[in-house]
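Worksheet: one structure, shown below.
None of the figures in this text is laboratory data; all of them are computed from the coordinates on show. Predicted model, so just to flag it, every value in this text is computed and none were measured. We place every Cβ from the backbone using ideal geometry, glycine too, and count neighbours over all the protein chains shown.
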Amino acid sequence: MKLILAIVSNDDANKVSTALVKQNFFVTKLATTGGFLMSGNTTFIVGTEDEKVVEVIKIIETHSKSRSKLVPQSIVSEFGMFSSMPVEVKIGGATVFVLNVDQFIKL
């Protein structure tokens, strides 16, 4: 048995959730916030058999798209904090962790 933790952009969360449920995966959704851009994410928790891990990852990959975003870059100096030219960063997509599960109990 495996535990899959998938961190997905809020922009893609509904599509990912709908696709996973449609394929009969039990999903728990958590509202999370990223540390870099401080933007909203959704973390999915999925428990599944070892042989279905690839299927879950493909569903997440299909419905999580990367995109570019311009974010302000701040410079901190002895005179204070200043904004400079915006920087383009890649956002979206998904970060997926697959963990071994020693025991699964549903009460």
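Computed extension gain for K65 through E51, at 0.36 nm per residue and net of the alpha carbon distance, reaches 2.6 nm. Provide the net charge surrounding V96, with neighbours chosen by a C-beta distance below 12 Å and charges set as Lys +1, Arg +1, Asp -1, Glu -1. Around V96, the surrounding residues sum to +1.
Just add up the charged neighbours of E55: K/R +1, D/E -1, any other residue whose Cβ is under 14 Å from the Cβ of E55. Residues close to E55 contribute a combined charge of 0.
Between L107 and N24, the distance separating the two model label sites (each 7 Å from Cα on the Cα→Cβ line) works out to 2.8 nm.
Under 5 Å between amide hydrogens, built in the peptide plane, is the criterion, and for T32 it picks out N41, T42, T43 among residues at least 5 positions away or on other chains. Across the range 19-27, rounded Karplus estimates of 3J(HN,Hα) from the backbone phi angles (6.51 cos²θ - 1.76 cosθ + 1.60, θ = phi - 60°) give 5, 5, 5, 4, 8, 6, 8, 7, 10 Hz, Gly and Pro being marked x.
In this structure the amide hydrogen of V27, modeled in the peptide plane, comes within under 5 Å of no amide hydrogen from residues 5 or more places off or on another chain. Counting neighbouring beta carbons within 10 Å and listing from fewest to most, the residues I7, I105, I60 come out as I105, I7, I60.
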